[in-house]
Every structure is written in C-alpha cells, then in structure tokens.
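Okay, so here's the structure we're looking at.
The values are calculated or read from the model by the stated rules, or taken from the named source; none is laboratory data. Since the model is a prediction, treat every value here as computed from it, not as a measurement. Glycine gets a Cβ as well: all are built from the backbone with ideal geometry, and neighbour counts include every protein chain shown.
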Amino acid sequence: MKTSSRTKNSLFPNERIASFINLKGKIFAEYNIIYRINDKFSVSNLSQFKNKYQLLFQRFESKVQQLNLVMIDSLFPSILSDIALEVFLNNISSFNQYIDLKKTIKVIDADSKVEKEYFKYKFLTFIHQLLYSEIATDNVFNGKILTDRIYCLKNNNGEIEFYSFFEQNKLQQLLFEKMRIEINLDTSSISRKEVKLCLKIFA
C-alpha cells in the first residue's frame, strides 16, 4: 500500500527532508563593515584609498552579525574587517590568500607557521558555520547545526558531486581553496568621516 506524505510525516514527525543546495554562485554571507577615515588622510572617493591604514575598523553595521562572529573567536570580527580591507585593495580574493600574506593581524605570540595554522583553523570553523548554521544572518546565533543540507557541485567532467554533512571535511577544504571574497562597490559608500564596505563571501 502506498503511504501518503501526511501519514509518513505523522509516523516520523521529527524527520527532516534534505535540502539540496547548488554551490555554484551561492552567496554565503554579506557583511557591511564600518570604518572611520584616519584623520591623517583626506579622501572623498573610494578610489582614493591606497593602503589599509587609511581606514580604522569601527563596527559591523549589524550588531547581531558581529556578535555571531565572536562565537568563532573574540578577534574574528577584527580579522574579517582586515580581510575586507585587503580585498578592497585588490590584494586577495580568498581566505587561503589571506593566510599567505606576509602582513596579517598579529593575534598570537608565536612563529609564522603556528600563526598560519591558527588562521586556517579559524577559517575552516567559519566555513563550517556558514555551511550548516545561520551564523551570517541577522538572527542571534543559537549554536544549532543544520545537518540536513546537501551541497552539490558540477565537477570538471560534468558530473554532479554531492556533499552531505558526512563529507563536511572534504567540502570545507574545497571551499577554503575555492570560496571567493569580494567587495560589492554598488552597496559600499563613503561619507565625510566614515566608509562602509560590503564584504561578500560566495562560492
């Protein structure tokens, strides 16, 4: 006998239907980050910025998004704000490239090898949360992990590869290399004292 969806749902009330998500072009997060223009510089246009020290990080436009990022690390909002500046100046377009920069935020008293491992671990943790939680939204992060998401991506042979929660390590490593970061200049802006940069993170 064929079981109706209504009967099936009543038999398994807590069962969730898997969500299939196409990775190609997926936007994982957008952050509006506010900077104060350094008093030593006089600039009136976004194209006039030549180095990141012309801008001083102030806050995220969304307080909830900023607080959510603290769940990764207390310094992570500052790290992401520094990444946004490097992207803005066309120095990087991925987390992997940021780690390879000679000048990054000094977050621990250790040699460069240990510091790179620190950054990579934090970025992989962040990618995990982008994949399986609502950390990038304007909802207060409650720590809930959504294991029913299945990501798909077409490989070079034209075959579709699927990544369930059980393949998350492979997917995290893939996105660590392939995930793109850019500044959306259409929604970024400058005023007399402040600059807003819209940081977009996508596959």
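Look at (1) farther than 12 Å from TYR132 by Cβ; (2) aromatic (Phe, Trp, Tyr); (3) under 17 Å from the mean Cα position of the chain (by Cα) and you find that TYR151 fails only one, number (1). For the range 22-78, filtered to residues that are assigned to a loop (DSSP other than H, G, I, E, B) and among the hydrophobic types (A, V, I, L, M, F, W, C), the residue that is surrounded by the fewest Cβ atoms within 10 Å (Cβ to Cβ) is PHE41. Taking the range 71-83 as the range and being without any contact (Cβ under 8 Å) to a residue 40 or more places away in the chain and either more than 20 Å from ILE181 (Cβ to Cβ) or touching a Ser or Thr at 6+ places or on another chain (Cβ under 9 Å) (or both) as the test, the residues that pass are SER74, ASP82. Just one of (1) part of a helix (DSSP H, G or I); (2) at pLDDT below 95 fails for THR125. It is (2).
Results for (1) modelled with pLDDT of 95 or more; (2) farther than 27 Å from PHE126 by Cα, shown as yes or no for each residue.
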{"residue": "LYS24", "(1), (2)": "no, no"}
{"residue": "ILE34", "(1), (2)": "yes, no"}
{"residue": "SER44", "(1), (2)": "no, yes"}
{"residue": "ASN51", "(1), (2)": "no, no"}
{"residue": "VAL64", "(1), (2)": "yes, no"}
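Close contacts from the range 150-179, counting a first residue that is exposed (fewer than 14 other Cβ atoms within 10 Å of the Cβ) and a second that is assigned to a helix (DSSP H, G or I), with Cβ to Cβ under 6 Å and a gap of 6+ residues or different chains, come to GLU177/ASN96. Going residue by residue through the range 131-148, is there one that turns out to be surrounded by 13 or more Cβ atoms within 10 Å (Cβ to Cβ) and assigned to a strand (DSSP E or B)? No; the residues of the range 131-148 include none that is surrounded by 13 or more Cβ atoms within 10 Å (Cβ to Cβ) and assigned to a strand (DSSP E or B).
A Cβ distance below 7 Å, combined with a sequence gap of six or more or placement on separate chains, defines the contacts here; from the range 54-70, residues that are without any contact (Cβ under 8 Å) to a residue 12 or more places away in the chain reach residues that are not basic (Lys, Arg) in the pairs GLN66/PHE60; GLN66/PRO77; VAL70/PHE76; VAL70/PRO77.
Here's the yes/no breakdown for (1) more than 20 Å from ASP100 (Cα to Cα); (2) part of a helix (DSSP H, G or I):
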{"site": "GLY158", "(1), (2)": "yes, no"}
{"site": "PHE162", "(1), (2)": "yes, no"}
{"site": "GLN168", "(1), (2)": "yes, yes"}
{"site": "GLN172", "(1), (2)": "no, yes"}
{"site": "LEU175", "(1), (2)": "no, yes"}
{"site": "LEU185", "(1), (2)": "yes, no"}
{"site": "ARG192", "(1), (2)": "yes, no"}
{"site": "VAL195", "(1), (2)": "yes, no"}
{"site": "CYS198", "(1), (2)": "yes, no"}
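Of the candidates ASP100, ASP186, the single residue that is at pLDDT 95 or above and either closer than 30 Å to ASN45 by Cα or in contact with a His (Cβ under 9 Å, 6 or more places away or on another chain) (or both) is ASP186.
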